[in-house]
There are 2 protein chains.
Amino acid sequence: MIRTIFTSFLILFSFAVNAQTTIIGFTEENTKKQQQLESAFEAKLNAENLDKWMQRMSAQPHWVGTEFGRENAEWIQKQFKSWGYDTKIETYQVLFPFPKVRIVELTAPTTYKAKLTAVPVEGDEYTAQGDALLPSYNAFSTDGDVEAELVFVNYGIPADYEELEKLGISVKGKIVIAKYAGSWRGIKPKLAAENGAIGCLIYSDPQDDGYVRGDVYPKGAFKNKTGVQRGSVMDMPTYPGDVLTPGYGATKDAKRLNRKDAPTITKIPVLPISYEDAQPLLEALEGPIAPKAWKGGLPITYHIGPGPAKVHLKLEFDWQLKPAHNVIATMKGTDFPDQWVMRGNHHDAWVHGANDPISGMVALMEEARAVGELAKKGNKPKRTLVYCAWDAEEPGLIGSTEWVEDHKKELQQKVVAYINTDGNGRGFLGAGGSHSLQAMVAEVAGTVKDPQRGVSIKERRSAVNLVNGGKEAFSLYALGSGSDYTPFIQHAGIAALNLGFGGENAGGEYHTIYDTYPHYKRFKDPEFAYGVALANTAGRISLRLANADILPFEFKQWHSTVSTYLEEVMKSCDTMRKEVEKHNNMVDKNVFELAADPRKPFKNPLRKEAVPYLDFTPLQNAMASLKSSVTAFSELDIADLSVTKRRDLNKQLMLAEQVLTSESGLPRRSWYKHQIYAPGFYTGYGVKTLPGVREAIEQKNWNEAEEQIKKLAGTLNDFNAYIQGMTTM
Amino acid sequence: MIRTIFTSFLILFSFAVNAQTTIIGFTEENTKKQQQLESAFEAKLNAENLDKWMQRMSAQPHWVGTEFGRENAEWIQKQFKSWGYDTKIETYQVLFPFPKVRIVELTAPTTYKAKLTAVPVEGDEYTAQGDALLPSYNAFSTDGDVEAELVFVNYGIPADYEELEKLGISVKGKIVIAKYAGSWRGIKPKLAAENGAIGCLIYSDPQDDGYVRGDVYPKGAFKNKTGVQRGSVMDMPTYPGDVLTPGYGATKDAKRLNRKDAPTITKIPVLPISYEDAQPLLEALEGPIAPKAWKGGLPITYHIGPGPAKVHLKLEFDWQLKPAHNVIATMKGTDFPDQWVMRGNHHDAWVHGANDPISGMVALMEEARAVGELAKKGNKPKRTLVYCAWDAEEPGLIGSTEWVEDHKKELQQKVVAYINTDGNGRGFLGAGGSHSLQAMVAEVAGTVKDPQRGVSIKERRSAVNLVNGGKEAFSLYALGSGSDYTPFIQHAGIAALNLGFGGENAGGEYHTIYDTYPHYKRFKDPEFAYGVALANTAGRISLRLANADILPFEFKQWHSTVSTYLEEVMKSCDTMRKEVEKHNNMVDKNVFELAADPRKPFKNPLRKEAVPYLDFTPLQNAMASLKSSVTAFSELDIADLSVTKRRDLNKQLMLAEQVLTSESGLPRRSWYKHQIYAPGFYTGYGVKTLPGVREAIEQKNWNEAEEQIKKLAGTLNDFNAYIQGMTTM
């Protein structure tokens, strides 16, 4: 009986699923059992439950600290209990600002007072709940009262400030207005403040999720002129979670920072507004016409300013500690109770949150219900399954972060992997996470049927990749941030996944009063077919991790993926060098000035510092060694391993991801420990792979780049030794 | 005394202009004389004349057949006469439609009657001339009265109909609405009719030349909501000029086609409208959301239809013969009176035409005036200079085409080259034409100062090329169509150039009532500095051609340019083959269907016919032979040539371009004789180089591609023999 553990995914490509004799991490015998279990699991999934529960949980707004949020948590706990889980609610006391004063007004050259209110729409009674709806604001904006000339800064990302520099326009002492999109929203006030601005407005341009994209609500799914995207602007790339308790749990008696010292509250006041409120402000701007790529979908000529538009922005918040209720439901494993497979989804929303997060929450619950039913019939998992419903995700991943910080030591010993979900839609599987899990996820994706097209969700994903010019092979995207996997993978070094369906459910309801049950039913996943597909996918993954003979981590795909990251980084350095050379050559020839229109604003660019050649060989050598090691490891055969050896190997495997972290973390943000994946310091949610090295290069900090190369090479060499250790143990 | 004729342009790159001892085509002695002459010429140019004359000629609308147009022609004649030219007005009787009835109305699901009127604006009295302004229409639309559902077709170009095909939407029996831009306007009704539409509306979307681009008139230069672009939709890619007299002059007694048989009048009625009039029509469309790239700048969701919007379009024209007055002014050459250097610009406009064409016309006149003054002082040209002011260019290059057709034999014997100008603006030299003239034009461009930056116009052009990612080296673009050079180069095989400045004078006034003197003064070339630069550039080129010892044609740059065309064509064929293979592979895997959203319209694409390998070796061999020949020719030395030999060589050189034509012309449009350059059959103005071969490939007509390869190889071999003949004569 020859079976290899980690190369069986290759078989998948040559044989039909039914012909497969083993799945990754399972003996032939246990493969059959597991497949039967998963079929039984799938048979229990019922879309009607998702529909019913969504109506229940999204009936009223339920942001952290609300009565309805607490009721939801208790109701969720009750459900889990009824399905046979041990349940508890773990509550943290977290700082949460509620808006008391919100004023945005144009004071010159004409006047306009922003309405700051979204209108209820016909056919959606949820939007008519009036004062029960959370006013639109950006959580963790500082208080402020400022008045200044306005400057339009496009998306307000680094490239936009470079463009302003070229035009000789400064935002110092000004209020900026930036479009939503292009980056995570918190980057906008952060960069604005770094550039000297004293206030920041963010608006949803119709080009990004309004009428330019499609018909607006209620006719269509997109944002109407009054819709406003709420959201956190906490400086999460520095650290997420409670702003007053960095790195430790916000328990009742925890030592807290003084709010004035909390580094992740914005430096300047920031408020989101609708495009109805933005238009009069933008129309009042003069100065240079915005570059082509900056223009939005409003029927105006976009000028940059500064002024003559002058804006008064006044914000005051009620800063209070609020209880964040995490629901934790545990199904103890029969064989390895101290090996935990964790699942999570948040339950708090900005308003009703039918899509975000309830659509993911109901899928998680249906998965847990089916697992519970199987357990009642004797099919208990070998490892412990832990289902979590997080609170306070919206204001900054607070519930999950505090819980992970609070339990970090135990989690780092016990958790096999954390599988996250969040809002879910219709279309294609999007799966991100630790690349040591890629082979297993691909295998599972090959077994789950797409509800609309009948083929596997893996085939459908491949099809859309090909049509969009991408690759056919299944792959996990790298995790940046934006949901509750962050504290697990980025901080605790726990292997993580993030799963969801989408691509056929575009809309503009995100974080507005329009993310309601009627909107979801019309435009997202009307039959909850993809909700069931998500439960099916995440459930199979959880059950495989829970029951595997050898934990299904695979490192050859990990290696080839990380190799592409290294190539990217090296190439980006070469590209940057060539661009700087070209630029300097053009500066020397005075080409920029000669090409410039004398009637338009222009600042002659300066020469740039040359990009040195960096020594990447420590990384190349580490990756070369790893190639041999992961190949040797892949040739291990379950059949050759004794029960004791399997147990020992599993203990090593579940901790492997932690070897990729460093206790000292990333420069200037030590909370982020992972050396392969991190959210970008200037992208927010967007991932930066090999972040220490990549960001040092992007920020042209060559000394730091060299240090980070050495540090990362050390991490990779440790990982190499770890894998060699597992192979020869 | 070692001087080569044709390689002296190389010297230009290594020495400063003053250090240059010869210019192309001149002996050392005559180089000095010519440089002195050109300096004297430049010194006489006076911007005030351009300003004054523009006010005179753009005071009232002056389309072909108007009283003011006739007055302009006579006034121009009078000026030339006063400067010492022999002048005449040559008049042709050409068909010209004037709009009698124009109705566009939305008849369902709501109603709207299009206003079809541009509003006068404050500060521009010319826009308030009311009934004197030509109503907005497309000349050579057929009469028609149709009512049907509307379909939005983006720009209405071939790629858009491919997209509609993918969505399963037909325009058969419908009225289409297309945005201006993306192609020459006449392509839109042509393709619409080919696809079965029964009517066509064209509107100016604010994204293309309205508020999205910049502030609208009168605040800024761009098109306000009522502006409408007039323009011809005659099928000029088949043949330009009078629709009733294809290939011969529209003299008073010429035999004329019956209007019903004129192939270049559109098959369906077509009318241009403003974005104010377009918006209610577009808003009334339902059906699929337009693809991202189709969306314009109106504050609406762009749907494609068909319907429920229903449109009634009724057009009736007064079809009459009108006199087109070409002004021809001749300054006889002292040494070679039967060798003509020709300059031309049209004088007719759609409305006032301050920019188009008067800005170019006044530059031509100032050039001619200065040349006349020099002649009066004894500096007469050695060859004959002919200055032309064409009528009826706007409706379809009619004045120039009829004149060329009428005098074709004589012109083919006598014309050295034709140098065209048209509307002129501020910024960078744009020069297109026969690549045998590229080296000479580059040399001239190196001697003309840019009015704003002080460097040569060649350096400034290089600078903007570099900033836009292009090449530093000076090059001529290839001529398609769109102005009066077309009958000369495309039909008669006369070497031609088209010159103008632009890039810093964007606006939306083109062919509207807003192309006025005040608009020009505020937004185009306020001091007429670039008008003078144009006169300077075109004048120097004309004087060099007129006085050269050996006509300054150079074939090494011609060869390298045409070689890149051949490479492009071969590469496009390979690219097309790979794309078809990829497409068919995806069809075989059913990837398109699997990737499609079942809730959106989708038509599963079919397999495409495989692209064969074409035998390009006849062209490669011809170009290889030509490489040797042009090199040998470039090594000829003026000093080695007797006066008789020079004379004989010049006679050959001036006819060389004709060797690149074929009497049988291009497939399905024999009027177009040139084998290297033609306007695209489906682009209109946009050039297709090596058109016979390139368009056969684009249209996947493989037999024709093979025939055209042979034909073009024959032409190139003839040209090779001709150049060898000139070298060894």
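The values are calculated or read from the model by the stated rules, or taken from the named source; none is laboratory data. Please read these numbers as outputs of a predicted model, since none were measured by experiment. A quick note on method: Cβ atoms are made from the backbone with ideal geometry, for glycine too, and the neighbour counts reach across all protein chains shown.
Looking only at residues in segment B:217-252 that are crowded, with 23+ Cβ neighbours inside 10 Å and aliphatic (A, V, I, L, M), the one that is farthest from the other protein chains (Cβ to nearest Cβ) is B:Ala250.
Return yes or no: is B:Pro323 farther than 30 Å from B:Ala375 by Cα, at pLDDT 95 or above, buried (at least 18 other Cβ atoms within 10 Å of the Cβ) and in the same structural domain as B:Asn258 (by TED's automatic domain parsing)? No: the conditions fail for B:Pro323.
Mind checking whether some residue in segment A:447-454 is within 14 Å of chain B (Cβ to nearest Cβ), free of Cβ contacts under 8 Å to residues at least 12 places away in the same chain and surrounded by fewer than 24 Cβ atoms within 10 Å (Cβ to Cβ)? The answer is yes, given that some residue of segment A:447-454 is within 14 Å of chain B (Cβ to nearest Cβ), free of Cβ contacts under 8 Å to residues at least 12 places away in the same chain and surrounded by fewer than 24 Cβ atoms within 10 Å (Cβ to Cβ). Filter segment A:493-518 for residues that are crowded, with 23+ Cβ neighbours inside 10 Å and of a type in the set (A, V, I, L, M, F, W, C) and give the result. Matches in segment A:493-518: A:Ile494, A:Ala495, A:Ala496, A:Leu497, A:Leu499, A:Phe501, A:Ile513. Considering A:Ala159, A:Ala148, the condition of being of a type in the set (Gly, Ala, Ser) and either in contact (Cβ under 8 Å) with a residue 60 or more places away in the chain or touching a strand residue (DSSP E or B) at 6+ places or on another chain (Cβ under 6 Å) (or both) is satisfied by A:Ala148 alone. Name every residue in segment B:267-293 that is under 26 Å from B:Leu315 (Cβ atoms), in a helix (DSSP H, G or I) and more than 10 Å from chain A (Cβ to nearest Cβ), in order of residue number. Answer for segment B:267-293, where residues must be under 26 Å from B:Leu315 (Cβ atoms), in a helix (DSSP H, G or I) and more than 10 Å from chain A (Cβ to nearest Cβ): B:Glu276, B:Asp277, B:Ala278, B:Pro280, B:Leu281, B:Leu282, B:Glu283.
Conditions (1) surrounded by fewer than 19 Cβ atoms within 10 Å (Cβ to Cβ); (2) farther than 26 Å from A:Ile202 by Cα; (3) of a type in the set (A, V, I, L, M), marked per residue:
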| position | (1), (2), (3) |
| --- | --- |
| A:Lys52 | yes, yes, no |
| A:Gly69 | no, yes, no |
| A:Ala73 | no, yes, yes |
| A:Asp86 | yes, yes, no |
| A:Pro97 | no, no, no |
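Within segment B:283-292, one or more residues are under 30 Å from A:Lys219 (Cβ atoms), modelled with pLDDT of 95 or more and touching a helix residue (DSSP H, G or I) at 6+ places or on another chain (Cβ under 8 Å). Note on segment B:188-199: residues that are in a loop (DSSP other than H, G, I, E, B) and among the aliphatic types (A, V, I, L, M) total 2.
Please work out if A:Ala678 is without any contact (Cβ under 8 Å) to a residue 12 or more places away in the chain and of a type in the set (A, V, I, L, M, F, W, C). Outline the logic, then answer.
Values: without any contact (Cβ under 8 Å) to a residue 12 or more places away in the chain: no; of a type in the set (A, V, I, L, M, F, W, C): yes.
Against the criterion (without any contact (Cβ under 8 Å) to a residue 12 or more places away in the chain and of a type in the set (A, V, I, L, M, F, W, C)), A:Ala678 does not qualify.
Does A:Arg185 satisfy being in a loop (DSSP other than H, G, I, E, B), in contact (Cβ under 8 Å) with a residue 24 or more places away in the chain and within 14 Å of another protein chain (Cβ to nearest Cβ)?
The answer is no for A:Arg185.
Looking at A:Val569 and the list (1) out of contact with any strand residue (DSSP E or B) (no Cβ under 9 Å at 6 or more places or on another chain); (2) away from chain B (no Cβ under 13 Å); (3) over 19 Å from A:Glu162 (Cβ atoms), which single condition is not satisfied? Unmet condition: (1).
In the set A:Ala368, A:Ala389, which member is of a type in the set (A, V, I, L, M) and assigned to a helix (DSSP H, G or I)?
So the residue among A:Ala368, A:Ala389 that is of a type in the set (A, V, I, L, M) and assigned to a helix (DSSP H, G or I) is A:Ala368.
Can you tell me which residues in segment B:200-216 are touching a residue at least 12 places away in the same chain (Cβ under 8 Å) and either part of a loop (DSSP other than H, G, I, E, B) or within 14 Å of chain A (Cβ to nearest Cβ) (or both)? Matches in segment B:200-216: B:Ser204, B:Asp205, B:Pro206, B:Gln207, B:Asp208, B:Asp209, B:Gly210, B:Tyr211, B:Val212, B:Arg213, B:Gly214, B:Val216.
Across segment A:25-47, the qualifying residues are those that are part of a helix (DSSP H, G or I) and of a type in the set (A, V, I, L, M), and the one among them that is farthest from A:Leu543 (Cα to Cα) is A:Ala47.
Annotation: of all residues in segment B:130-141 being over 24 Å from the mean Cα position of the chain (by Cα) and over 15 Å from B:Thr226 (Cβ atoms), the one that is surrounded by the most Cβ atoms within 10 Å (Cβ to Cβ) is B:Ala132.
Of the residues making up segment A:82-126, those that are aromatic (Phe, Trp, Tyr) and in contact with a helix residue (DSSP H, G or I) (Cβ under 7 Å, 6 or more places away or on another chain) are A:Trp83, A:Tyr85, A:Tyr92, A:Tyr112, A:Tyr126.
Considered as a group, the residues in segment A:575-607 that are away from chain B (no Cβ under 12 Å) and among the hydrophobic types (A, V, I, L, M, F, W, C) include one that is farthest from B:Val464 (Cα to Cα), and that residue is A:Met576.
Considering every residue within segment B:254-265, establish whether at least one is within 12 Å of chain A (Cβ to nearest Cβ) and either touching a residue at least 24 places away in the same chain (Cβ under 8 Å) or assigned to a helix (DSSP H, G or I) (or both). Within segment B:254-265 (the criterion being within 12 Å of chain A (Cβ to nearest Cβ) and either touching a residue at least 24 places away in the same chain (Cβ under 8 Å) or assigned to a helix (DSSP H, G or I) (or both)), the answer is no, since none of the residues qualifies.
Residues that are surrounded by 23 or more Cβ atoms within 10 Å (Cβ to Cβ), assigned to a loop (DSSP other than H, G, I, E, B) and touching a residue at least 12 places away in the same chain (Cβ under 8 Å) are absent from segment A:529-543.
Within segment A:384-391, at least one residue is farther than 20 Å from A:Gly84 by Cα and touching an Asp or Glu at 6+ places or on another chain (Cβ under 8 Å).
Of all residues in segment B:492-517, those satisfying the criterion of being among the hydrophobic types (A, V, I, L, M, F, W, C) and within 14 Å of chain A (Cβ to nearest Cβ) are B:Phe501, B:Ala506.
In the set (1) part of a helix (DSSP H, G or I); (2) in contact with a Ser or Thr (Cβ under 9 Å, 6 or more places away or on another chain), A:Tyr514 fails one condition alone, (1). Among the residues of segment B:162-182, those that are in a helix (DSSP H, G or I), touching a residue at least 12 places away in the same chain (Cβ under 8 Å) and over 15 Å from B:Tyr302 (Cβ atoms) comprise B:Glu165, B:Lys166.
Please enumerate the residues belonging to segment B:278-303 that are closer than 17 Å to B:Leu106 by Cβ and within 29 Å of the chain's Cα centre (by Cα). B:Ala278 - this is the single residue of segment B:278-303 that is closer than 17 Å to B:Leu106 by Cβ and within 29 Å of the chain's Cα centre (by Cα).
Screening B:Lys292 against (1) of a type in the set (D, E, K, R); (2) free of Cβ contacts under 8 Å to residues at least 12 places away in the same chain; (3) touching a Leu at 6+ places or on another chain (Cβ under 7 Å) leaves a single unmet condition, (3).
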